[in-house]
Every structure is written in C-alpha cells, then in structure tokens.
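The values are calculated or read from the model by the stated rules, or taken from the named source; none is laboratory data. Only a predicted model underlies this, so the values are computations on that prediction, with no experimental measurement involved. Here the Cβ positions follow ideal geometry from the backbone for every residue, glycine too, while neighbour counts run over all protein chains shown.
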Amino acid sequence: MVFSLPTTRITEKEERKRLFRYMFRRVFIDDWAMKLVALVITLTLWLGVTGLQTPTTTRVRSVPLNLLISSDVEETKDRVKEVDLVLRGPKQRLDQILPRDLVVSLDLNEVGPGDRKVDITPQNISIDLPNGIEVIEIQPNKIALRLEKVSEVAVPIRVETEGNPAPGYELYGTTVSPETVRVRGPESVVGALDYVTTEKVEIAGAKANFSVQQIPLNVVSPKMTLLSAATANVTVRVGRKRIERLLIVPYETQNRSGRASVLLFGPSNLLEGLQPGEITVVEETTDDGRSTLRVVLPPGIQSDVEVRDAKFRE
C-alpha cells in the first residue's frame, strides 16, 4: 500500500528549508565583506547625523555690547563693552557661527538720566543667530552705567597760535569767522565749556597780516559734537612792536588854549618819528551844551595808533 500525501508534505517542507538556507546565505554569507563595510558606513553616517542634530553648547567670548539709548541722553561713564555668551543648539549650526559677526544689542530707550545698574539676560537682548540657536547664559549679566541729559549751547571760538613773529614784530591780535559755534553733548561736558579752540596757527617769522581759511576746530571731548561749524576762517594781525610815547601837544581852539599831555600806543616805526605838531586838539560841544576837547591823530596812523590817555591844561 502506497501513501503519496506524506511524501508531498515532506517535499514542501524540505523546499522551504532549502529556500530559507538559500536566502540566509545570500543575505548574510555571500559577499559578507562588502556587506560589512556597507553596514559600518551606514552606522557611521547615522551616528554622525544624529550627533550633529543633538543639542550641544559652546562659549563665544568678547562679543561687542551695543546699547540702544534715547537720543536725548548720552553715556558719560566707562562701562563693559564686551560680553561672553553661552550658546546652545545643533553642533552643525554652532560650527557655522563666526564670532566676529556677532553683536549683542541691549535696548535702553526707556531708561532715563542717572546712575544705573542694568541686567543683561537672554530675554532683553537682541542678537542675530541661526535658527535653532539660543543664548542660555551671558557674562557679565549686569552692567553699571551713567546716562546724562544732552544739551546744546553756543560758545566762542578762540584762535590758538604757535611760534613768534619775526624780530621787531609782534602779534597784534586775531579775528575768527564765525565767532561762535554750537556744540551738543552731555550737560556736564558742555556746561563746563567756555570756548572752542582752533588748531594752532603758525605765526613764526611773520611780518604782516595774513589769513588762514577753513582751519579745523578742536573737539575737546569725544562725547561732544560740533553742530554749526567744523572749521573757521582766521585773520592774523602782525606788525612792528608797539611802544608807548608821551607827547606834549600845544593847542588853541576858538574858546580854549593850553597844552595836552597825550600818551600814545602803537608801532615803534610810527611813533618814533611823530612830531607834536602833527597832532591836533579840537573842541566839540556835547548834546547837553558842554565843551570837550578831543585828540585827533594824523589820518595815516589812526588805524594803528591808540590814544591811551590825554590830559589838558589851560
């Protein structure tokens, strides 16, 4: 008696075993070296990508701190200019950050004048960072500063000179245009400012008047700003050394006569050759009817010689 069914079942079972062995050999044994290399590469890439996406931290040192303050106040005290940051985020993005491109801005527009201590926190600063990067720590986390109210004033311009005129000559004086300049700055700075000077004008060896155009004005404080002008035009007056000379001048007018003691001040070359007869004494009547005497110099020297004193004896 022959049974076919068991034979068929045994055959199918063996076929499945053979198929399993074939698949196992193809997957795990055939070309095993190449497959091992591929597995290692895959694991390495997976670990690398996973590591780059895992949050990490880094410290960035000496990041500039910029204060955003109101236009009507100004800093007048040295303060911390840089801070250190601790950043957190994916390593790949942290590695892309260039410290030199970072600036921390702290908004103090609502802070008024006075001595202040201000907290610096991740919440009250602004900084341009890649997406996914956050600031978790700032050092120092507090700064001290002084804010002063800003004011504007007009002050005179003073001409500064350097050197000496030629022998026998002297500096008569200087004129400047404009005569004043408006400056802006903290009240403590502009309030103590009496004048603004020009850069030094060289007068060494000078024998005559001369002019200098657009000479810069000196800024005495980096916190001070010149508003109305940054330069000035200067005229320098140089002439012969001046002396005093006393002359006795006889006079006779319609109603009065006598002698006048006249003290003159002017260039030596003009006064040394001046004769009493070249000076005139005139009588004038004031609005209230009184009679007065006045010394009149020769026309050629009136602009250079000064009458310092005159006494009249009748």
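Table: residues versus (1) in contact with a Pro (Cβ under 9 Å, 6 or more places away or on another chain); (2) at pLDDT below 95; (3) closer than 28 Å to Leu270 by Cα.
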site: Pro156; (1), (2), (3): no, no, no
site: Ser177; (1), (2), (3): no, no, no
site: Thr180; (1), (2), (3): yes, no, no
site: Val183; (1), (2), (3): no, no, no
site: Thr197; (1), (2), (3): no, no, no
site: Glu202; (1), (2), (3): no, no, yes
site: Phe210; (1), (2), (3): no, no, yes
site: Leu217; (1), (2), (3): no, no, no
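Criterion first (assigned by TED's automatic domain parsing to the domain that holds Gly300 and in a helix (DSSP H, G or I)) does Asn269 satisfy it?
yes
Could you list, in sequence order, all residues of segment 58-76 that are modelled with pLDDT of 90 or more and touching a helix residue (DSSP H, G or I) at 6+ places or on another chain (Cβ under 8 Å)?
Residues satisfying the conditions are Thr58, Val60, Arg61, Ser62, Val63.
If you scan segment 245-256, which residues turn out to be surrounded by 13 or more Cβ atoms within 10 Å (Cβ to Cβ) and either hydrophobic (A, V, I, L, M, F, W, C) or not in a loop (DSSP other than H, G, I, E, B) (or both)?
Those that are surrounded by 13 or more Cβ atoms within 10 Å (Cβ to Cβ) and either hydrophobic (A, V, I, L, M, F, W, C) or not in a loop (DSSP other than H, G, I, E, B) (or both): Arg245, Leu247, Val249, Tyr251.
Scan segment 281-314 for residues that are touching a Leu at 6+ places or on another chain (Cβ under 9 Å), more than 13 Å from Leu246 (Cα to Cα) and loosely packed, with under 13 Cβ neighbours inside 10 Å and jot them down.
Result: Val282, Glu284, Gly300.
Taking into account only those residues within segment 128-162 that are assigned to a loop (DSSP other than H, G, I, E, B) and without any contact (Cβ under 8 Å) to a residue 60 or more places away in the chain, which is farthest from the chain's Cα centre (by Cα)?
Looking at residues that are assigned to a loop (DSSP other than H, G, I, E, B) and without any contact (Cβ under 8 Å) to a residue 60 or more places away in the chain, I get Gly132.
Going through segment 200-217 one residue at a time, which ones are on the phi < 0 side of the Ramachandran plot, in contact (Cβ under 8 Å) with a residue 40 or more places away in the chain and in a loop (DSSP other than H, G, I, E, B)?
Taking segment 200-217 first, the residues on the phi < 0 side of the Ramachandran plot are 200-204, 206-213, 215-217.
Cutting the leftovers down to in contact (Cβ under 8 Å) with a residue 40 or more places away in the chain gives us 200-204, 206-207, 217.
Passing the criteria: Lys200, Ile203, Ala204, Ala206, Lys207.
So is Leu246 within 30 Å of Arg313 (Cβ to Cβ) and touching a helix residue (DSSP H, G or I) at 6+ places or on another chain (Cβ under 7 Å) or not?
The answer is no for Leu246.
What are the residue pairs meeting all of these: first residue in segment 171-183, first residue in contact (Cβ under 8 Å) with a residue 12 or more places away in the chain, second residue among the acidic types (Asp, Glu) and surrounded by fewer than 18 Cβ atoms within 10 Å (Cβ to Cβ), Cβ atoms under 8 Å, and 6 or more apart or on different chains?
From residues that are in contact (Cβ under 8 Å) with a residue 12 or more places away in the chain, the pairs are Arg182/Glu152; Val183/Glu152.
In contact with a Gly (Cβ under 9 Å, 6 or more places away or on another chain) and free of Cβ contacts under 8 Å to residues at least 60 places away in the same chain: is that true of Leu270 in this structure? Walk me through how you get there before you give the answer.
Numbers: in contact with a Gly (Cβ under 9 Å, 6 or more places away or on another chain): yes; free of Cβ contacts under 8 Å to residues at least 60 places away in the same chain: yes.
Yes; evaluated as a whole, the condition is true for this residue.
Can you say whether Ile279 is touching a Gly at 6+ places or on another chain (Cβ under 8 Å) and either of a type outside the set (S, T, N, Q) or modelled with pLDDT of 90 or more (or both), as far as the supplied structure shows?
no
For segment 256-263, check the following and say yes or no: at least one residue is among the hydroxyl-bearing types (Ser, Thr, Tyr), in contact with a strand residue (DSSP E or B) (Cβ under 9 Å, 6 or more places away or on another chain) and at pLDDT below 95.
Checked against the condition, which is being among the hydroxyl-bearing types (Ser, Thr, Tyr), in contact with a strand residue (DSSP E or B) (Cβ under 9 Å, 6 or more places away or on another chain) and at pLDDT below 95, segment 256-263 yields at least one hit.
Collect the residues in segment 221-255 that are closer than 30 Å to Glu152 by Cα, of a type outside the set (D, E, K, R) and modelled with pLDDT under 90, keeping them in residue-number order.
Scanning segment 221-255 gives Ser221, Pro222.
I'd like to verify a number: residues in segment 264-296 that are closer than 16 Å to Gly239 by Cβ and touching a strand residue (DSSP E or B) at 6+ places or on another chain (Cβ under 8 Å), how many? Full working, then the answer.
Within segment 264-296, the first condition is being closer than 16 Å to Gly239 by Cβ, and the residues that meet it are 264-274.
Those still in the list that are touching a strand residue (DSSP E or B) at 6+ places or on another chain (Cβ under 8 Å) too: 264-272, 274.
Final tally of qualifying residues: 10.
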